[in-house]
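Each remark here refers to the structure printed beneath this line.
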Ligand code: GLN
Ligand code: ZN
């Protein structure tokens, strides 16, 4: 029998119950017991839902109070020493690692301990806590979480497949400062702990254990391949009573397929959404005792599955290995999709018919299993309903707009070029803008105060009229402009008070996008995001930002920047259509933004910033795929940016420090001014820019906005002088390293005043 399996269920709860409980616990409003029982309730509910939907392999230990990589670090006792004193309770240490420890005042003054580093989980928007190892790190089985949750599930009548992060991926996700060898040198010690854990799981009644090893879908070194062979050889020995399902996802195994098949696990999961063809490659090689888990339902996107296509893959596998050795599964954990489409009652029926969230995807899996076992005719009705929805979607005029296709067909390479090269443009801009050397500016947003959020919420809920909201925003903009003039900034911003989110704000106004009410996905810990759904051809109906920007400009004689979100970020932070190449979708967004850029220019806006914070994270997981991606990503940006006159200055902003890999692409964006995050890396990345000669203007962030600490003028002056030693001062700008929307005015004003003073001091000293 083909069985329906799941690799992971979203943890946050249908109404973000986990987020709410966590925040209440952190603020002291509820006890640890109350938080833990909310976790138990959510797990029970999620198991019940999966059971009711007919899922036979139900994941256990996929739940986490914060992050599954952090859970693994705590499980194996990899707790950096600085958190050891966080509190008697395990939970306090856990959250101290995730969130840091506030310093205590008074005689027992304890120093502030920052949180552990956090970074993106492969090519998703989920962030994990980066494990930290020390040379000679010892591991021990320091928590019983997976065992406890298995017992909990079994008590509720759920057999449960325990999910563990595999040892090789766990080590590779971590870092080992000060070590000569990398984290893989710690493998043997770690395997001993995994061995002990497996024995205890077997004793607690486990049958299947899922080992997630997403690194198997990446480019691997010989050392890593050997680590995999060694690790799974030992784990198979240690778990003779258990069946291991080895799961990789987010891509095909590619050249790692023979390695994965040689690891001797009882089961192997394949992502057949990102790499459907790997099934045909794998089938002739699968050992006769291996169960294949076929990831045929997209765990990364929100579309209804093409069941015929999925079923064809299932039948292809059953033909070769037999139905007893086939599972149908999502391509990866469902962590990355919202939970329940049923809640989106405001979306029209047609659009809803095209979509599937976690619950709907599980129902599809169970249907696929039935179709495989009982024959297509047994589920013909459901199959034909699904076929119909897909056909409707393919043909819908809401998706395919001939005007968009017609405009796209007129794009020729000249549209990607500014009229003149940077040096000429810089001249024209200098004359027009008349800025001092080392001009000061911000990245755009100013504090989103409770007032701002309330006004927006009232407006959206219909409690405030459009004209009330309009005048509220105008008041905010006027106050923000005045504050910036008083601080003495040279280039102002309107403050982005009208934007809930830099992507959703534009998605709400562009054709081809839909916004969900409750389509939340965990980003990290208690933080969730609600990505818009890009379902059809993108077009701009009317101006999106011009009235706010020109109002702000009317209030000041200094330049006010227009502020847009770039095409790659609009793409990367949305659920995007799967019926055409990403490249084409991105170009459509670029074209819509091009119109907005031109309209800002026509309204007299002299500087336009197009933010691309997601450019780097869009990099494909395999290096071989980088050049193609970077080509179309850069072109989409240039399509948006290049129509303006020489004297109109284009800025872009990115907030991460690892630039070396994409340096050439950043140069090719050909923005007149680039502002980047450097404050946290203490300007190290400027070395890259110096060594490789960044040709245009650049504003390295000299003030870390991620911390409530107000940097001193001396500190920023020092940063600025260092920047001057790497980059020609005539091409340097002075700015914070990201937007200020999460900060408070009390922090922002003195910090920006100090920043302006630092710029003045350096100007005076170097003139
Ligand atoms: N302009 C945006 C802001 O200031 C940029 C945000 C970002 O880089 N993520 O908030
Ligand atoms: Zn930023």
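The values are calculated or read from the model by the stated rules, or taken from the named source; none is laboratory data. Here the structure is a predicted model, which means the values were calculated and not measured. Cβ coordinates were reconstructed from backbone atoms using ideal geometry, including for glycine residues, and neighbour counts include every protein chain displayed.
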Q | Residue ranges of strands (runs of 3 or more DSSP E) in the stretch 517-598 with at least 2 members surrounded by 20 or more Cβ atoms within 10 Å (Cβ to Cβ) and at pLDDT 95 or above | A | 521-524, 533-540, 560-565
Q. Residues of the stretch 739-767 being assigned to a loop (DSSP other than H, G, I, E, B) and either within 16 Å of ligand 2 (Cβ to nearest atom) or closer than 23 Å to residue 671 by Cα (or both), which ones?
A. 739, 740, 741, 742, 743
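Provide a single number: the residues in the stretch 638-653 that are in contact with a strand residue (DSSP E or B) (Cβ under 9 Å, 6 or more places away or on another chain), away from ligand 2 (no atom under 16 Å from the Cβ) and under 22 Å from residue 693 (Cα atoms). Walk me through how you get there before you give the answer.
If we filter the stretch 638-653 for residues that are in contact with a strand residue (DSSP E or B) (Cβ under 9 Å, 6 or more places away or on another chain), which is where we start, we get 640-642, 644, 648-653.
Checking which are away from ligand 2 (no atom under 16 Å from the Cβ) leaves us with 640-642, 644, 648-650.
Restricting the remaining residues to those that are under 22 Å from residue 693 (Cα atoms) gives 649-650.
Counting residues in the stretch 638-653 that are in contact with a strand residue (DSSP E or B) (Cβ under 9 Å, 6 or more places away or on another chain), away from ligand 2 (no atom under 16 Å from the Cβ) and under 22 Å from residue 693 (Cα atoms) gives 2.
Within 15 Å of ligand 2 (Cβ to nearest atom), modelled with pLDDT under 90, crowded, with 23+ Cβ neighbours inside 10 Å and under 19 Å from residue 611 (Cα atoms): is that true of residue 656 in this structure? It would help to see each step written out before you state the result.
Details: within 15 Å of ligand 2 (Cβ to nearest atom): yes; modelled with pLDDT under 90: yes; crowded, with 23+ Cβ neighbours inside 10 Å: no; under 19 Å from residue 611 (Cα atoms): yes.
Against the criterion (within 15 Å of ligand 2 (Cβ to nearest atom), modelled with pLDDT under 90, crowded, with 23+ Cβ neighbours inside 10 Å and under 19 Å from residue 611 (Cα atoms)), residue 656 does not qualify.
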Q. For the stretch 208-256, which residues satisfy the criterion of being within 27 Å of residue 60 (Cβ to Cβ), at pLDDT 95 or above and loosely packed, with under 15 Cβ neighbours inside 10 Å?
A. 233
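Mind listing whichever residues of the stretch 11-29 are buried (at least 17 other Cβ atoms within 10 Å of the Cβ) and in a helix (DSSP H, G or I)?
Going residue by residue through the stretch 11-29, those that are buried (at least 17 other Cβ atoms within 10 Å of the Cβ) are 11-14, 16, 18-19, 21-22, 25.
Hits for the stretch 11-29 are 18, 19, 21, 22, 25.
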Q) Of the residues that make up the stretch 495-511, is at least one modelled with pLDDT under 95 and away from ligand 2 (no atom under 16 Å from the Cβ)? A) yes
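Take residue 263 and tell me if it is at pLDDT 95 or above, touching a helix residue (DSSP H, G or I) at 6+ places or on another chain (Cβ under 6 Å) and either within 24 Å of residue 195 (Cα to Cα) or crowded, with 23+ Cβ neighbours inside 10 Å (or both).
On the way: at pLDDT 95 or above: yes; touching a helix residue (DSSP H, G or I) at 6+ places or on another chain (Cβ under 6 Å): yes; either within 24 Å of residue 195 (Cα to Cα) or crowded, with 23+ Cβ neighbours inside 10 Å (or both): yes.
Criteria met by residue 263.
When the stretch 481-505 is examined, which residues are found to be assigned to a helix (DSSP H, G or I) and within 12 Å of ligand 1 (Cβ to nearest atom)?
Pass one, the stretch 481-505, residues assigned to a helix (DSSP H, G or I): 481-487, 504-505.
Once the filter is applied, which keeps residues that are assigned to a helix (DSSP H, G or I) and within 12 Å of ligand 1 (Cβ to nearest atom), the stretch 481-505 yields only 505.
Please tell me if residue 151 is under 30 Å from residue 51 (Cα atoms), modelled with pLDDT of 95 or more and either touching a strand residue (DSSP E or B) at 6+ places or on another chain (Cβ under 8 Å) or not in a helix (DSSP H, G or I) (or both).
On the way: under 30 Å from residue 51 (Cα atoms): yes; modelled with pLDDT of 95 or more: yes; either touching a strand residue (DSSP E or B) at 6+ places or on another chain (Cβ under 8 Å) or not in a helix (DSSP H, G or I) (or both): no.
No.
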Q.
Testing residue 465 on (1) free of Cβ contacts under 8 Å to residues at least 60 places away in the same chain; (2) touching a strand residue (DSSP E or B) at 6+ places or on another chain (Cβ under 9 Å); (3) more than 28 Å from residue 359 (Cα to Cα), one condition comes back false. Which one is that?
A. (2)
Q. Quick one: what pairs do we get from the stretch 608-623, first residue under 16 Å from residue 652 (Cα atoms) and outside any loop (DSSP other than H, G, I, E, B), second at pLDDT below 95 and within 12 Å of ligand 2 (Cβ to nearest atom), C-beta under 6 Å, 6+ apart or different chains?
A. none
(Q) Every residue in the stretch 176-196 that is at pLDDT 95 or above and out of contact with any helix residue (DSSP H, G or I) (no Cβ under 7 Å at 6 or more places or on another chain), please. (A) 185, 188, 189, 192, 193, 196
Q.
Checking residue 126 against (1) farther than 22 Å from residue 214 by Cβ; (2) at pLDDT 90 or above; (3) within 25 Å of the chain's Cα centre (by Cα), only one condition comes out false. Which one?
A. (1)
**Q.** Search result, residues across the stretch 716-733 that are within 23 Å of residue 670 (Cα to Cα), crowded, with 16+ Cβ neighbours inside 10 Å, more than 16 Å from ligand 2 (Cβ to nearest atom) and touching a residue at least 60 places away in the same chain (Cβ under 8 Å)
**A.** 729, 732
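Is the stretch 328-342 home to any residue that is over 26 Å from the mean Cα position of the chain (by Cα) and crowded, with 22+ Cβ neighbours inside 10 Å? So that I can check it myself, show each step before the final result.
Within the stretch 328-342, the subset over 26 Å from the mean Cα position of the chain (by Cα) is 328.
Remaining after also requiring crowded, with 22+ Cβ neighbours inside 10 Å: 328.
Yes; the residues of the stretch 328-342 include at least one that is over 26 Å from the mean Cα position of the chain (by Cα) and crowded, with 22+ Cβ neighbours inside 10 Å.
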Q: Would you confirm whether any residue within the stretch 50-73 is surrounded by fewer than 21 Cβ atoms within 10 Å (Cβ to Cβ) and without any contact (Cβ under 8 Å) to a residue 40 or more places away in the chain?
A: yes
Q: Check 452, 404, 379 and return the single one that is more than 16 Å from ligand 2 (Cβ to nearest atom), over 30 Å from residue 591 (Cβ atoms), in contact (Cβ under 8 Å) with a residue 24 or more places away in the chain and surrounded by 16 or more Cβ atoms within 10 Å (Cβ to Cβ).
A: 452
Q) Given (1) over 21 Å from residue 295 (Cα atoms); (2) in contact (Cβ under 8 Å) with a residue 40 or more places away in the chain, where does residue 250 come up short, assuming only one miss? A) (1)
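Pick from 448, 424, 429: which is within 16 Å of ligand 1 (Cβ to nearest atom) and either part of a helix (DSSP H, G or I) or within 16 Å of residue 479 (Cβ to Cβ) (or both)?
Numbers: 424 fails: within 16 Å of ligand 1 (Cβ to nearest atom); 429 fails: within 16 Å of ligand 1 (Cβ to nearest atom).
After applying the criteria, what remains is 448.
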Q: Filter the stretch 637-670 down to the residues that are under 20 Å from residue 492 (Cβ atoms) and in contact with a helix residue (DSSP H, G or I) (Cβ under 7 Å, 6 or more places away or on another chain), then identify the one that is farthest from ligand 1 (Cβ to nearest atom).
A: 647
Q. Considering the stretch 559-580 alone, what residues qualify as being under 25 Å from residue 603 (Cβ atoms), away from ligand 2 (no atom under 16 Å from the Cβ) and in contact with a strand residue (DSSP E or B) (Cβ under 7 Å, 6 or more places away or on another chain)?
A. 559, 560, 562
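Kindly indicate whether residue 438 is crowded, with 20+ Cβ neighbours inside 10 Å, in a loop (DSSP other than H, G, I, E, B) and touching a strand residue (DSSP E or B) at 6+ places or on another chain (Cβ under 6 Å). Can you show your working first?
Values: crowded, with 20+ Cβ neighbours inside 10 Å: yes; in a loop (DSSP other than H, G, I, E, B): yes; touching a strand residue (DSSP E or B) at 6+ places or on another chain (Cβ under 6 Å): yes.
Yes; evaluated as a whole, the condition is true for this residue.
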(Q) Looking only at helices (runs of 4 or more DSSP H) that lie completely in the stretch 30-148, which have at least 1 residues being under 28 Å from residue 294 (Cα atoms) and touching a strand residue (DSSP E or B) at 6+ places or on another chain (Cβ under 9 Å)? (A) 32-52, 68-75
